[in-house]
Amino acid sequence: MLHCMTSEPEQQLGVGVQDAFQRLWTPHRMAYIQGENKPTGPGAEDGCPFCSIPAKSDEDGLIVRRGEQVYAVLNLYPYNGGHLMVVPYRHVADYTDLTDAETVELAALTKQAMTALRTASGAHGFNIGMNQGTVAGAGIAAHLHQHIVPRWGGDTNFMPVVGHTRVLPQLLADTRKMLAEAWPS
């Protein structure tokens, strides 16, 4: 447990060789690394977070928009600020198993998400895609989800490359509220 959290950098004496670098600790990432919120199996009843999120309030589930077939939700472990996912309500693993209605609405909410992100945060570009299967990098392979990651000129600075750390400038609850307000009607 973290007993003392601070945003101030601190010098760690006696830990390795002292150098000129400050340390930016991101202990919240350890939950993802250790598999927190990951299903115990492939079924919807195996603790799939994408199946349980819709039962929560928009604020508690970080849901930005609900459609009839799919919903848009902030990634709990984002690659960048504003990282959204569009997820079908139905527990389905493969893109080819989506119904036509799910496919159409997934595309529509993706377009709306891009518009909202441009309006709310001035995103310059996007990485959009889905990892199909564990071998392709899907963290939760049993429930399809499409990532929408906003990008800005200069956002690939030294931190991710050298420090293996993302610096997120806003709390997820604040990002959810900002995007929900900017979502096109």
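The values are calculated or read from the model by the stated rules, or taken from the named source; none is laboratory data. Keep in mind that what you see is a predicted model, and the values were worked out from it rather than measured. As a convention, Cβ positions derive from the backbone with ideal geometry for all residues, glycine included, and neighbour counts pool all protein chains shown. Ligands, DNA and RNA are excluded from the accessible area calculation, which covers all protein heavy atoms including side chains. Shrake-Rupley method; radii C 1.70, N 1.55, O 1.52, S 1.80 Å.
Cα centroids of region 33-65 and region 104-129: 22 Å apart.
Averaged per residue, region 62-152 has 42 square angstrom of accessible surface, using a 1.4 angstrom probe with ligands and nucleic acids left out. With the simple model of a label 7 Å out from the Cα in the direction of the Cβ, T40 to A101 spans 3.3 nm.
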